[in-house]
Amino acid sequence: MKIAIPIRDGRLCVHFGHCEEFAIFEVDEATGTFDKPELGGAPPHEPGRLPSWLHERGVSIVIAGGMGRRAQQLFQQYGIQVLVGAPSDSPESLVSAFLKGELRSGENVCDH
């Protein structure tokens, strides 16, 4: 399983489409462990590009702060699960909390 988190300044970027880069974690589902993430600069912002870009990298889950409904639908078309409303925390903390079943979604700060 691969989990992607949009980041800015080393923390989750609250506005998904405005991130500087993505931290992509490869998770060993049998042990619930992960190594350091692969960091990749986000592609130029254009509608519909991020879902296909992350799909090409094998991502199956995106943890986000805020994401518009249309973007969420596009991710679903690629079979990528989206969790919105995550706090602006370090990517490692978010993945760890997700794997322990402790990640609590908050308010989706993006409504478009």
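Read the figures in this text as sums done on the coordinates, not as results from a lab. Nothing here was measured: the structure is a model prediction, and the numbers come from that model. Counting neighbours? That spans all protein chains shown, and the Cβs are built from the backbone with ideal geometry, glycine included.
Kindly work out what percent of the DSSP beta bridges joining two residues of the chain are antiparallel, to the nearest 5.
Given both bridge residues lie in the chain, the antiparallel proportion sits at roughly 70 percent.
What are the ³J(HN,Hα) couplings of the stretch 71-86, residue after residue, when phi is run through the Karplus curve with 6.51, -1.76, 1.60 and θ = phi - 60°? Round to Hz, x for glycine and proline.
So the Karplus estimates, Gly and Pro as x, are 4, 4, 5, 5, 4, 4, 4, 8, x, 9, 6, 10, 10, 10, x, 6 Hz.
Please get the size of the charge dipole for the chain, origin at its Cα centre, with Cβ charges of +1 on Lys and Arg and -1 on Asp and Glu, quoted in debye to the nearest 20.
It comes to approximately 300 debye.
Apply the Kirkwood formula to the stretch 2-99: the hydrodynamic radius equals the inverse of the mean of 1/r over all pairs of different alpha-carbon atoms; give it in Å with one decimal.
Answer for the stretch 2-99: a Kirkwood hydrodynamic radius of 13.2 Å.
If you filter the stretch 65-107 for trypsin sites (Lys or Arg not before Pro), then keep DSSP loop positions with at most 11 other Cβ within 10 Å, what is left?
Lys100, Arg104
Relative contact order (percent) for the stretch 2-99, with alpha-carbon contacts under 8 angstrom and 6 or more residues of separation? Walk me through the numbers before you get to the answer.
On the way: 170 pairs, mean separation 31.5, N = 98.
In percent, rounded to a whole number, it is 32.
Filter the GluC sites (Glu not before Pro) in the stretch 36-112 down to the DSSP loop ones having no more than 13 other Cβ atoms within 10 Å, then list what survives.
Listed in order of number, the matching sites are Glu102, Glu107.
What is the sum of charges around Leu12, taking Lys and Arg as +1, Asp and Glu as -1, for the other residues whose C-beta is under 15 Å from the C-beta of Leu12?
Net local charge, Leu12 excluded: -3.
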